[in-house]
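Visitor: Just dropping this structure here.
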Amino acid sequence: MSKLLVSATGLAAATALTFGATGPQAAASTTLLPAGHSFSAQLTGKATFVAGSTTMTCTASASVPTTTGANNKVPAAPANHNAAGPVTVPVSPPTFSGCTTNISGVSVTVTSNAANGAWTLTTQNGAPVTGGFTIPKGGVVLKTSGLASCTITASPSGPTTVNGTWTNGAPSTLAIANAPVPAAVTGGFLCPTGNQSATFSATYRISDTTDPSQQITVTG
């Protein structure tokens, strides 16, 4: 049972990640299209948080545009192009629901926030094209109830990034596989308190909400 809540920490990776770059080589130019269009990120399949033999699964997750502001919106030209690296866009904190654990008698809720900074989506043209969500400090909080009542805060010390592979399509997708995540766990008996780490996996559909007949794509 002591491994239970480490699984909830699967939401973040190294902040020093350089998208699409290898060694000292400069990153390729990146263009995110269509300029000025809003988009949503919708989970397809399941999101899993794993540590050891413990798995927590969520069946729904989404980041959607806001009625005002720049969240989930491709920058207007020329800001949607970076000749020397990635393009970064602020996004709404994703929601998570339908979450369960593989431990009998333990339930879980997952909430996200932007209290300590913005969530962002970064895309980098290359072979393959890459993308990732950056989570601000404390940007995901998981709470369990039942046999164990614990609180798990992902990215407790500062922003971290979960990186994945971007595939242009109808819609485009961002697939994140086993991305490592730091977390801090607090609680009572049976909670593995202290600093922990785990992995996060999920695939998101990135859909154009301004004009559903068009696609959000990453090019050079």
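The values are calculated or read from the model by the stated rules, or taken from the named source; none is laboratory data. In this text the structure is predicted, and so the values were computed from the model without any measurement. No Cβ is skipped: glycine too gets one built from the backbone with ideal geometry, and neighbour counts run over all protein chains shown. SASA here: full protein model, heavy atoms, side chains in, ligands and nucleic acids out. Shrake-Rupley method; radii C 1.70, N 1.55, O 1.52, S 1.80 Å.
Visitor: What number goes with the only condition from (1) small (G, A, S); (2) touching a residue at least 40 places away in the same chain (Cβ under 8 Å); (3) closer than 23 Å to T130 by Cα that S92 does not pass?
Guide: (2)
Visitor: Give segment 172-188 a look and list any residue that's crowded, with 21+ Cβ neighbours inside 10 Å and in a loop (DSSP other than H, G, I, E, B), or say none.
Guide: none
Visitor: Next question, about the same structure. Does any residue of segment 137-147 turn out to be open to solvent by 70 Å² or more (accessible area, probe 1.4 Å), of a type in the set (A, V, I, L, M) and without any contact (Cβ under 8 Å) to a residue 12 or more places away in the chain?
Guide: no
Visitor: What single numbered condition from (1) open to solvent by less than 30 Å² (accessible area, probe 1.4 Å); (2) modelled with pLDDT of 95 or more fails to hold for V110?
Guide: (2)
Visitor: For segment 190-220, give me each residue that is aliphatic (A, V, I, L, M) and either under 26 Å from N71 (Cα atoms) or touching a His at 6+ places or on another chain (Cβ under 7 Å) (or both).
Guide: Within segment 190-220, A202, I206, I216, V218 meet the criteria.
Visitor: Could you look through segment 206-220, keep only residues that are over 10 Å from F39 (Cβ atoms) and either part of a strand (DSSP E or B) or charged (D, E, K, R) (or both), and pick out the one that is least open to solvent (accessible area, probe 1.4 Å)?
Guide: Restricting to residues being over 10 Å from F39 (Cβ atoms) and either part of a strand (DSSP E or B) or charged (D, E, K, R) (or both), the top hit is V218.
Visitor: Picking from T173, T153, which residue would you name as being in contact with a strand residue (DSSP E or B) (Cβ under 6 Å, 6 or more places away or on another chain) and modelled with pLDDT of 95 or more?
Guide: Testing whether each residue is in contact with a strand residue (DSSP E or B) (Cβ under 6 Å, 6 or more places away or on another chain) and modelled with pLDDT of 95 or more leaves just T173.
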